[in-house]
Amino acid sequence: MPKNDPAVAAKPIPACQNHSAEILMQVVHFITENLHADLSVSALARTFSQPESVLFRAFKLQTGIALDQVVLRRRIERALHLLKHSKATDTEIATGIGWGSATDFQTAFTSYIGVSPAEYRMSVRLKQQATRVKSHKRPSASTCIPREGSGGRARRVLAAV
């Protein structure tokens, strides 16, 4: 069919035009506040009394991001926060942010972030320890100078201030 054929011409989706940014913001807020719940497109469509296809398309058109990707991103963001600021286990985090199991959470996290939750938590702790050590280091008023005939050993002397 030629491009100028009315059957092929791009037409706006009328149902998507009826979705205001406010409704879509409500959806994002709902997702953020209910990460533990079923946030599938079908569950969100039921919650907001919209057909699945209309909600999915409207969200993608308005935000440029698929609805399921927003859910995944919000869950990962919450997981990052919990891994950094809590001692919650992977199972507790998985349950709290809506993954079926710790294994599902670990797989999704590793796929999205590139390291496992355990590796991420360890890297965060190492960075925090390094920051604490750096901030607790007091500047020294002494310097090391080699002693003559000491074979390279040094002695501390008070630096002239």
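Quick note: the coordinates plus some simple rules give every number you see, no bench work behind them. Model, not experiment: these values are computed from the prediction. A quick note on method: Cβ atoms are made from the backbone with ideal geometry, for glycine too, and the neighbour counts reach across all protein chains shown.
Quick look at the numbers
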| item | result |
| --- | --- |
| Complete set of residues in region 73-90 that are in contact (Cβ under 8 Å) with a residue 12 or more places away in the chain, over 13 Å from the mean Cα position of the chain (by Cα) and surrounded by fewer than 20 Cβ atoms within 10 Å (Cβ to Cβ) | Thr89 |
| Single residue of region 91-121 satisfying the filter (buried (at least 18 other Cβ atoms within 10 Å of the Cβ) and among the aromatic types (Phe, Trp, Tyr)) that is nearest to Ile31 (Cα to Cα) | Trp99 |
| Exclusive hit being in contact (Cβ under 8 Å) with a residue 12 or more places away in the chain and either among the hydrophobic types (A, V, I, L, M, F, W, C) or crowded, with 16+ Cβ neighbours inside 10 Å (or both), set Ala130, Ala58 | Ala58 |
| Residues that are among the polar types (S, T, N, Q) and either surrounded by 17 or more Cβ atoms within 10 Å (Cβ to Cβ) or in a helix (DSSP H, G or I) (or both), drawn from region 35-55 | Ser42, Thr47, Gln50, Ser53 |
| Sole residue being assigned to a loop (DSSP other than H, G, I, E, B) and over 30 Å from Gln50 (Cβ atoms), chosen from Lys87, Lys127 | Lys87 |
